[in-house]
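Below you'll find the structure, written out as structure tokens, and then a few comments.
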Amino acid sequence: MQLESYLHQYFGYETFRPGQKEVLEQLIAGQDVIALLPTGMGKSLCYQLPGYIFDKPVLIISPLLSLMQDQVDQLKQMGEKRVIALNSFLTPAQKNYALHFLHEYRFIFISPEMLLQPQVKARLASLELSLIVADEAHCISQWGYDFRPDYLRIGEVIQVTNRPPVLALSATATTKVLHDIDHYLEMESPFIYVHSVDRPNIHLVKKPFALKEDKLTWILEHVEKTAGPGIIYTQSRAKTESISAQLLQRGIAAAAYHAGKEMQDRQFIQHQFLSGHLDWIVATNAFGMGIHKNNVRQIIHESMPSTVANYMQEIGRAGRDGEDAVAFLLFCEGDEQYAKFIVLEDLPKEFHVVRYAQYRANGEQPNVMLSNGEISEVAFRVVHYWMERETVDQLKERLGNMQTAKYEEVMAMLKIVETTSCMRELLIDYFGQQVEDKRENCCSNCGVDLSVLLQERVEPKNQNPMTDWKGRLQQILLRNL
Amino acid sequence: MLIQQILLKIFTAFQNERTLSAAFHLLKGKRSGQTIQDVGLFQLHPFFGLLPKLTRGQFDEQVDLLFAKNYILIEENGYYHMTEIGIKQASEALLFHFDGWHYRGNEHVFFARVSLALQSLSHQAAGVKSFIAVEKDEDVQSKVREFLVRNQFQQQTLQMKIYLEMEQSLEKIQVNEQVKTIIVYRLSGFQEPGLTWQQMAFGFHMQEMDIRLMYGSGLHQWLNEILGDAQKYPYLYQLAQGIRVDLMLTSSANETAKLYKKGHSLEQISSIRRLKLNTIEDHIVELAMNDVKFDSKPFLTLEDQQLIINASEDYQTKKLKILKEIIPHVSYFQLRLALAKGAHY
């Protein structure tokens, strides 16, 4: 059967999006694949379709619980029942049940931690899989923006012989990261599909400020004048709260979003944003994963992101519908210092390594460092992983290199902020690619006319969202009867 | 602010015999021997587990505010003292009533069930078969699934039945309209996402924490209403199964309760158990305090009950001596019984 007919039968689409078919053909031929597809370009379909073509389970390794949940939800929403998420939220009974019937599932999502548990490892070894997928594969690289040491050990689980093809997926990756993915996943001369990272319909604007305080004034005025929907990225939870509160004061439908919000609230915000009840979201970088909203028109970075990859990922949430969108980057002298601070926050320091070694020498469990609050969880994972493989001195040197690399990331971002030539060219160059489709109003340095790109904000009809409770109850239960 | 008033009530109840942390554990609903004992010892049942997601930082912030207002003095060892104006402020009545001890966090399980049931019914009415569930918890999902199937949701009549039950029960409970609004706006339906705490706080010009407390208070009273009348609310009653924790009497009071439910009079129980009538009355009060279904009419007319409640509110006191002076014709037993019943409303 033709790939297109599978596509139509299971997903109802007539044609593939760029890259999907190339990737699928290689996988079906048994070839390992690394696919770099921008978010929103239908990455998931690259492993969902094989799940239907072959009658064996697809194993998807996913680093983030929220992302995993989102993908499970998506599949379930499509009516797929044979899907399971193996993660630390399962009770022992649920886990045993799932493991016992593992072969019955079409899609098995798993966290890297779970993958390494002996019981799970053994069960997987006895299972015939059709495909192994490493989602967000850049997490495997310490050069990537979201390094997860556990990812390095996926290689341990993937058998060398007699294994199904491996598919590594990521939105963006530099050549360095690409090399790490190939190496640590022990891939066999993989087919590499790289989609252009450029998004020509997203126009890049930078806004220099003399004083940090002026940024807020600008944001408030700008959001009051121009139409959303939009996302404002800022770097602290407290700022998301205060900015959103000030927008609300001005009658703008805004909400704060960060990892400290309870699950239910985060879900409400996502639904409201999707359904158009909310115009603006003020978020830390926790927001974005699993947001399938096509018509985001504006992204505002209140401060410089710490890495180019983060920047790319975050502005990439605008203009998925292909229509014009604008990404504003607000900048003030000294922002790079804060970015440096942020980027190092989760990197272990030398004294962490020393402490770790001390605990071990005293015959104590080093993970008391966590309960004592001496170290962040991410940093601990890094130290823990390398201390099992390297000496204290080797690790110190490694950390030194990592720090330098992180600073270089910030400097690369700073270069894009400070350049006087085309911002887009520099941005795309970072990913080892070239701009192919250069349009009008490309960036601040090429010249941007915002009046053609942004609509004026339309005052919402004065709607107090909290009307009488009976009315709303009727709305929920009786309106469509 | 509600949270501060609650803290003052708790601090007062502890009578300087506990550290600040004890109040934190109480509000979080910590299941440790100490906290559980404190609940009984200092009669803090209403406040148990009101804010399960409270962080120490948020708690300390509120304590600092009480300190700044000169309501409490904090000692270095974690103990505290109430100041005179603190004591005075603490005696102000709470505008919201709580029943934390009877629900112990289960009220949120109940709400999760209602929420998922309504989301499902709302989508069904709109002809939408698949949607992303607001509740991920497997237990909640399977309970709601059973509930829908058992009540033949396919006939599409459940929407109206549940609507009527919700309208009637929420109508009936004596809480501020805002509380009902908060509860209903935390629900979701087809193209009707719920509102976040931040949004409600903004809408009502209140603190998020106070909104959460009002919500909790509303759930407690709503549940008491539903569980008090299974006939009237058969559907909500099903969703409220296993939510309330009723095994809460001391064993002696439990003995008395059994005899009482068999139809013995208090005098008979006194002689059967060879205990003073006073003690038996204590048990009855305990029973009344812990059982919403307890009917106090054999001991107390509705008129007298209302008189006592009103007096207690007007004079903002639960002191029996004062109430007795105001309403001399009722007995101390009746006073205690009325106040115990009053704890439910």
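Out of all the residues in region A:47-89, which are among the hydrophobic types (A, V, I, L, M, F, W, C), buried (at least 20 other Cβ atoms within 10 Å of the Cβ) and out of contact with any strand residue (DSSP E or B) (no Cβ under 6 Å at 6 or more places or on another chain)?
Across region A:47-89, the qualifying residue is only A:L49.
Could you say which residue among B:S122, B:S217 is polar (S, T, N, Q), at negative phi, in contact with a helix residue (DSSP H, G or I) (Cβ under 6 Å, 6 or more places away or on another chain) and buried (at least 23 other Cβ atoms within 10 Å of the Cβ)?
None of the other options fit; the residue is B:S122.
Taking B:Q198 and the conditions (1) open to solvent by 60 Å² or more (accessible area, probe 1.4 Å); (2) touching a strand residue (DSSP E or B) at 6+ places or on another chain (Cβ under 7 Å), which numbered condition does it fall short on, given that it satisfies the others?
(1)
How many residues are within 14 Å of another protein chain (Cβ to nearest Cβ) and touching a helix residue (DSSP H, G or I) at 6+ places or on another chain (Cβ under 7 Å) if we restrict to region A:422-473?
The qualifying residues number 6.
Acidic (D, E) and closer than 19 Å to B:M209 by Cα - does that describe any residue in region B:69-92?
No, region B:69-92 contains no residue that is acidic (D, E) and closer than 19 Å to B:M209 by Cα.
Select from region B:149-189 the residues that are in contact (Cβ under 8 Å) with a residue 60 or more places away in the chain and either within 7 Å of chain A (Cβ to nearest Cβ) or hydroxyl-bearing (S, T, Y) (or both) and list them in ascending order.
B:I162, B:M166, B:S169, B:L187, B:S188, B:G189
Output the residue which, of all residues in region B:170-195 that are polar (S, T, N, Q) and more than 29 Å from B:G57 (Cα to Cα), is surrounded by the most Cβ atoms within 10 Å (Cβ to Cβ).
Selected residue: B:S188.
Examine region B:59-66 for a residue that is over 25 Å from the mean Cα position of the chain (by Cα) and within 30 Å of B:D314 (Cα to Cα), and state whether such a residue exists.
Yes, because at least one residue in region B:59-66 is over 25 Å from the mean Cα position of the chain (by Cα) and within 30 Å of B:D314 (Cα to Cα).
B:A230 passes all but one of (1) surrounded by fewer than 19 Cβ atoms within 10 Å (Cβ to Cβ); (2) touching a helix residue (DSSP H, G or I) at 6+ places or on another chain (Cβ under 6 Å); (3) not in a loop (DSSP other than H, G, I, E, B); which number fails?
All conditions pass for B:A230, except number (3).
Can you list the strands (runs of 3 or more DSSP E) lying wholly within region A:121-233 that have 2 or more residues being over 18 Å from the mean Cα position of the chain (by Cα) and at pLDDT 85 or above?
In region A:121-233, A:131-134, A:191-194, A:202-209 are the strands (runs of 3 or more DSSP E) which contain 2 or more residues that are over 18 Å from the mean Cα position of the chain (by Cα) and at pLDDT 85 or above.
Residue by residue through region B:143-169, note down the ones that are assigned to a loop (DSSP other than H, G, I, E, B) and open to solvent by less than 60 Å² (accessible area, probe 1.4 Å).
Of everything in region B:143-169, those that are assigned to a loop (DSSP other than H, G, I, E, B) and open to solvent by less than 60 Å² (accessible area, probe 1.4 Å) turn out to be B:N151, B:T157.
Do the conditions hold for A:Y184, that is, is it more than 23 Å from A:V326 (Cα to Cα), of a type in the set (S, T, Y), more than 12 Å from chain B (Cβ to nearest Cβ) and out of contact with any Leu (no Cβ under 6 Å at 6 or more places or on another chain)?
For A:Y184, the condition - more than 23 Å from A:V326 (Cα to Cα), of a type in the set (S, T, Y), more than 12 Å from chain B (Cβ to nearest Cβ) and out of contact with any Leu (no Cβ under 6 Å at 6 or more places or on another chain) - is not met.
For A:L278, state whether it is part of a loop (DSSP other than H, G, I, E, B) and within 14 Å of chain B (Cβ to nearest Cβ).
The answer is yes for A:L278.
Looking for whichever is buried (at least 18 other Cβ atoms within 10 Å of the Cβ), more than 30 Å from A:D437 (Cα to Cα) and without any contact (Cβ under 8 Å) to a residue 60 or more places away in the chain here; the options are A:L248, A:L220. Which one fits?
A:L248
Sort out which residues of region A:72-111 are among the acidic types (D, E) and within 11 Å of chain B (Cβ to nearest Cβ), and write them in order of number.
A:D73, A:E80, listed by residue number.
Name the helices (runs of 4 or more DSSP H) wholly within region B:29-117 that hold at least 3 residues that are modelled with pLDDT of 90 or more and acidic (D, E)?
Those helices (runs of 4 or more DSSP H) span B:56-68.
Go through region B:63-94 and give me each residue that's open to solvent by 70 Å² or more (accessible area, probe 1.4 Å), in contact (Cβ under 8 Å) with a residue 12 or more places away in the chain, over 16 Å from B:L26 (Cα atoms) and in contact with a Ser or Thr (Cβ under 9 Å, 6 or more places away or on another chain).
Result: B:N70, B:N77, B:I87.
If B:P193 meets every condition in (1) at pLDDT 95 or above; (2) at the interface with another protein chain (Cβ under 7 Å from one of its Cβ atoms) apart from one, which number is that one?
(1)
If you go through region A:245-273, how many residues are among the acidic types (D, E) and more than 8 Å from every other protein chain (Cβ to nearest Cβ)?
Selection size over region A:245-273: 0.
Out of everything in region A:345-384 that is surrounded by fewer than 18 Cβ atoms within 10 Å (Cβ to Cβ) and within 24 Å of the chain's Cα centre (by Cα), what residue ends up being nearest to A:P149 (Cα to Cα)?
A:V378
So A:G288 fits all but one of (1) crowded, with 22+ Cβ neighbours inside 10 Å; (2) under 14 Å from the mean Cα position of the chain (by Cα); what number is the exception?
(1)
Name every residue in region A:266-292 that is at positive phi and touching a strand residue (DSSP E or B) at 6+ places or on another chain (Cβ under 9 Å), in order of residue number.
Matches in region A:266-292: A:G288 only.
Give all pairs with beta carbons closer than 7 Å in which a residue from region B:292-305 that is more than 16 Å from B:I327 (Cβ to Cβ) and open to solvent by 30 Å² or more (accessible area, probe 1.4 Å) meets a residue that is at pLDDT 90 or above and not polar (S, T, N, Q); count only pairs at least 6 apart in sequence or on separate chains.
B:K293/B:G228
Please verify whether B:Y215 is of a type in the set (F, W, Y), within 14 Å of chain A (Cβ to nearest Cβ) and more than 22 Å from B:Q159 (Cβ to Cβ), treating the condition exactly as stated.
In short, yes.
In contact (Cβ under 8 Å) with a residue 12 or more places away in the chain, part of a helix (DSSP H, G or I) and over 26 Å from B:H123 (Cα atoms): does that describe B:R244?
Considered against the rule, which asks whether it is in contact (Cβ under 8 Å) with a residue 12 or more places away in the chain, part of a helix (DSSP H, G or I) and over 26 Å from B:H123 (Cα atoms), B:R244 comes out as no.
Of (1) touching a residue at least 24 places away in the same chain (Cβ under 8 Å); (2) within 9 Å of another protein chain (Cβ to nearest Cβ), B:F202 satisfies all except one. Which?
B:F202 satisfies every listed condition except (1).
Residues that are at pLDDT 90 or above and open to solvent by 60 Å² or more (accessible area, probe 1.4 Å): find the helices (runs of 4 or more DSSP H) completely inside region A:410-481 holding 1 or more of those.
The qualifying helices (runs of 4 or more DSSP H) are A:423-430, A:469-477.
The values are calculated or read from the model by the stated rules, or taken from the named source; none is laboratory data. These figures come from a predicted structure and were not determined experimentally. Every residue, glycine as well, gets a Cβ built from its backbone with ideal geometry; the counts of neighbours run over all protein chains shown. These accessible areas exclude ligands, DNA and RNA; they are computed on the full protein's heavy atoms, side chains included. Shrake-Rupley method; radii C 1.70, N 1.55, O 1.52, S 1.80 Å.
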